[in-house]
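Visitor: Would you mind keeping the following structure in view while I ask a few things?
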Amino acid sequence: MRHKIFLILSFLLSYTISNAQLGGGNQVEWKISVKKVTDNVFEVVGEATPQKGWHVYSAFLPENTAVPTTITIQKADNIKVLGKVTETPEPTTVYDPSFKANLKWHNATAYFSQKVEVTAPGKATIAGHIEYMVCNDETCMPPDEEPFSFTVEVTKLTEQPTGENAIQEGENTQQQSVEESTVAQQEVAAAQVQDIKPADEKQESYWSIFILAFFAGFAALLTPCVFPMIPMTVSFFTKQSKTKAQGFRNATLYAISIILIYVILGTMVTAIFGAGALNAMSSNPIFNLFFFLLLIVFAISFLGAFEIVLPASWVNLADKNADKGGLLGIFFMAFTLALVSFSCTGPLVGTIIVEAARNGGMAPVIGMLGFSLALALPFAFFAAFPGYLNSLPKSGGWLNSVKVVLGFLELAFAFKFLSNADMALDLHILERETFLAIWIAVFGALALYLFGKIKLPHDSPMEHMPVSRLLLGITVAAFTIYMIPGLWGAPVKLISGFPPSSNYAESPMGVGRESTAATTSPAVLPEGMHQGPQGIPAFDDYYTALEYSKKVNKPLLLDFTGKTCVNCRKMEDNVWSDAEIKEMLTNQYILVSLYVDLRKDLPANEVYTSKETGKTIKNVGQKWADFQLTRFQIQGQPYYVLMSPDEVQLGQPRAFDLDVEEYKNWLKDGLTTFGK
């Protein structure tokens with residue numbers, strides 16, 4: 001791993017030194033030109049050529065993911081932006097598990113174009129910049145800008161099309177203020193896609209959807225709408241068929257028809273909305289709120305408040321066609337089952353499609369394949385071996401209990417979508433503690449239900465508690481108790497990924513827990529310091545941290561990071577969580593986390609021109625990215641530097657490496673060097 005990191009750093013260093021004027025390396029070469037389209041319409045064209053192994057992002061990405069390539073046209077009275085940015089060729093689409101989204105990028109020459117209309121005769125200046133980000137499979141460069149300015153002359157004006165082909169004024173206004181709108185969309189979106197294996201990850205996500213859907217199909221089998229249909233349907237085929245082989249064949253065709261019906265449903269969903277649109281929807285806060293409400297309705301239905309049923313005319317029509325016999329009759333028998341059982345299967349099918357939408361691509365089709373396969377297999381199996389029908393448990397109140405358990409699970413799952421919407425809008429309504437409290441309440445109520453302490457509308461009287469129900473109740477109760485310490489800062493890794501991260505919480509350290517920063521300051525944190533990752537006190541300004549390190553005579557750990565840097569989070573979760581490392585970072589070092597993707601504007605008197613790149617540094621992220629480049633001749637995150645209060649570097653810097661012992665020894669070596 002050391003050798004790998006050394007090669008990467010050497011590669012970046014050589015490019016930095018020889019091409020500093022390009023912002024830390026010529027990972028992408030830009031050629032910007034302007035061409036005339038009509039008498040007064042021009043097109044700004046940016047030709048981007050990434051170096052081998054690097055890619056530049058598409059102009060169109062799902063919200064709250066990576067930084068797209070944008071063309072910003074400087075406002076002027078005689079300039080009007082027409083439409084949106086276009087790009088050629090078609091970008092490559094790769095699944096990014098950190099965003100749970102399909103991201104698009106170009107790893108070869110790409111062209112980004114923006115049309116501009118000059119609205120008055122005479123000379124006009126078309127100026128602006130192209131903002132972009134380049135990454136490879138190990139690291140990303142901070143967002144960068146490529147400025148341009150062209151002078152054009154217009155002798156006459158050409159009237160623009162009206163009617164259907166007209167470009168709406170509202171869209172023009174939106175595009176003219178593209179800088180403000182893109183900043184709003186990108187505040188939490190500096191893409192870091194290091195250490196990603198796109199094809200493998202996407203394949204893995206499809207398998208996870210298939211397995212989830214398969215178990216959901218199995219759960220659907222154990223509901224009051226489906227389970228009683230198994231012996232009835234199998235008996236029908238075996239009694240109506242002249243031979244055992246014919247009965248097995250008909251039941252198999254019936255099972256295949258079930259699979260076909262649900263796969264067609266998944267295909268229709270994908271075709272209607274589009275694979276990319278499904279994914280974009282899943283990351284949109286409005287649709288997450290819709291999914292939340294949808295699952296709440298499903299949960300209430302499963303709990304017994306009402307039943308979701310399809311129109312009776314649909315069921316009657318399908319049943320009528322089932323009487324025709326032959327292959328068509330068998331298909332409509334399966335279709336009738338799907339319609340009749342909708343009150344039980346509908347919420348599960350809806351949940352699978354919602355979850356599949358988060359993965360995009362063919363996930364809805366794969367989800368429906370897994371669900372229908374579990375639903376259909378028993379019909380074929382019991383038709384082949386009808387003797388086993390006698391081993392099936394009798395229908396009874398336990399079927400409704402299965403349905404109620406699914407209702408509780410739907411209820412818990414719904415709040416994940418509400419959490420997604422809350423974080424996307426940065427409302428801080430459903431923070432980590434609130435989310436955990438809701439889950440503790442939901443699963444606690446489920447445990448009480450399983451123990452028979454809660455009765456719901458369709459429950460049957462229970463004289464004796466089955467052993468299986470008791471064991472499941474104990475398991476749910478244990479899981480509920482397991483989550484409670486999460487309110488006090490426990491990691492609760494079993495549900496990692498469901499609740500918001502510890503940074504999105506009322507207290508990063510947990511409810512009622514004192515900050516470990518007390519060892520740094522007996523009363524309160526020093527000015528400029530806050531609770532950082534893992535509850536470690538941290539500064540976010542280098543110069544403030546430097547002054548404090550001189551005051552307390554402790555070395556600095558410079559942490560060049562990003563808000564959405566995947567490998568930065570991996571280092572914090574897997575390396576900084578080590579007790580000894582956390583102790584050193586809390587008590588023996590001064591941690592300063594410098595986010596290179598913060599889009600907060602610098603005060604006017606702090607805006608400057610970079611000595612390395614010659615570019616204007618306008619926001620906080622650009623400031624720290626330029627600081628990293630200027631001081632260490634390298635860019636890319638995560639990147640860690642140990643430094644004494646008099647700004648002497650203590651040993652070699654480190655990049656991404658999950659070896660805890662190596663990182664621990666590196667910190668100890670820094671302390672030893674500092675003490676000499």
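Visitor: Order the peptides 119-129, 410-420, 428-438 from the highest to the lowest mean number of other Cβ atoms within 10 Å of their residues.
Guide: In descending order of packing, they fall as 410-420, 428-438, 119-129.
Visitor: Which peptide among 619-625, 640-646 comes first, and what is the full order, when sorted by highest mean count of other Cβ atoms within 10 Å?
Guide: 619-625, 640-646
Visitor: Given the options L471, V405, M483, identify the residue whose Cα lies farthest towards the positive end of the charge dipole of region 387-484 (+1 on Cβ of Lys, Arg; -1 on Cβ of Asp, Glu).
Guide: Positive-end residue among those listed: L471.
Visitor: Still on this structure, please answer the following. How do the peptides 468-480, 538-550 rank, highest first, by the average count of neighbouring beta carbon atoms within 10 Å per residue?
Guide: So the order, starting with the most tightly packed, is 538-550, 468-480.
Visitor: Under 1.5 on a/c is rounded, so check that first for region 31-79, then, if it is not, pick prolate when a/b is larger than b/c and oblate when it is not; a ≥ b ≥ c are the square roots of the alpha carbon gyration tensor eigenvalues.
Guide: Oblate, because a/c is 1.5 or more while a/b does not exceed b/c.
Visitor: I would also like to ask the following. Considering only protein heavy atoms and a 1.4 Å probe, what is the carbon-and-sulfur percentage of the accessible area of region 108-154?
Guide: Looking at region 108-154 in its full context, I get 46 percent from C and S.
Visitor: Now for a separate question. Between region 426-449 and region 619-641, what is the C-alpha centre distance in whole Å?
Guide: What the calculation gives is 40 Å, centre to centre.
Visitor: Taking only the C-alpha atoms, wrap a convex hull around region 576-676 and report its volume per residue in Å³ as a whole number.
Guide: 124 Å³
Visitor: Now a separate question. Could you list, in their original order, any pairs among K550/K623; K600/K676; K554/K615; K551/K676; K615/K668; K582/K618 whose Cα atoms are separated by more than 30 Å?
Guide: In this structure, K600/K676; K554/K615; K615/K668; K582/K618 exceed 30 Å between Cα atoms.
Visitor: Net charge near A447, counting Lys/Arg +1 and Asp/Glu -1 over other residues with Cβ under 12 Å of its Cβ?
Guide: Local charge sum for A447: +2.
Visitor: What whole-number value in Å² describes the accessible area per residue of region 407-449 for a 1.4 Å probe?
Guide: Heavy-atom accessible area per residue stands at 33 Å².
The values are calculated or read from the model by the stated rules, or taken from the named source; none is laboratory data. Computed from a prediction, not measured in an experiment: that's the story for all the values here. Because the Cβ atoms are built from the backbone with ideal geometry, glycine has one as well, and the counts that use them run over all protein chains shown. For the accessible areas, the whole protein counts, side chains as well, though only heavy atoms, and no ligand, DNA or RNA atoms are used. Shrake-Rupley method; radii C 1.70, N 1.55, O 1.52, S 1.80 Å.
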